[in-house]
Amino acid sequence: MEKTWILIANGERARCFERAPDHALTELTDFVFPRASLTGQAEGGALTGTAGKGHGRTGHAGTQFEPKTQTDDKARASFARQLADYLNDSVATHRCNALVLMTSSQMLGELKPCLSAAAQKALKRSVTGDLTQFTGPELKKRVDRALELPD
């Protein structure tokens, strides 16, 4: 019997489901991206760290700050690698033999290159879209609708 796993993800959260032959979804695991480390916010909302490197001249009040998008991109790429490692291991250990990715376009671009050759072979479909905020019957309806669409 083919075990199809569906990864629903965006840059902040990922949920992995197994899809039964009757199309029922069973949630296997949930990943949450640690946003606090990106924003410099601690759990209580207090700022930690600094906004960037300050460069100033003696006698000059101006300060330049480096954009923090590189940090965001690196952290998001690390999150994508974490998800890919989970999927790669699951395919290698035969816990699943078919994969479907339903992710935001940015996450899809980060995730697909990290998949092993076996996971890429198991990949049956990639759908661009963010379904992470949906649950229950609404999620099932949207997944079913997305999988009915032609490639």
Say the cut-off is 27 Å between C-alpha atoms; which of LYS112/LYS141; LYS74/LYS140; LYS3/LYS74 go over it? LYS74/LYS140; LYS3/LYS74
Taking the Cβ of LEU131 as the centre, find all other residues whose Cβ is under 12 Å away and add up their charges (Lys, Arg: +1; Asp, Glu: -1). +3
Just to verify a number: FRET efficiency for ARG125 and ALA24, C-beta to C-beta distance, R0 = 30 Å, to 0.05? 0.95
Added length on full extension, which subtracts the Cα-Cα distance from 0.36 nm per residue, VAL32 to ASP89: 18.6 nm
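Coordinate-derived values only; no laboratory data. Since we're looking at a predicted model, the values are computed, not measured. Every residue, glycine among them, receives a Cβ derived from its backbone with ideal geometry; neighbour counts consider all protein chains shown.
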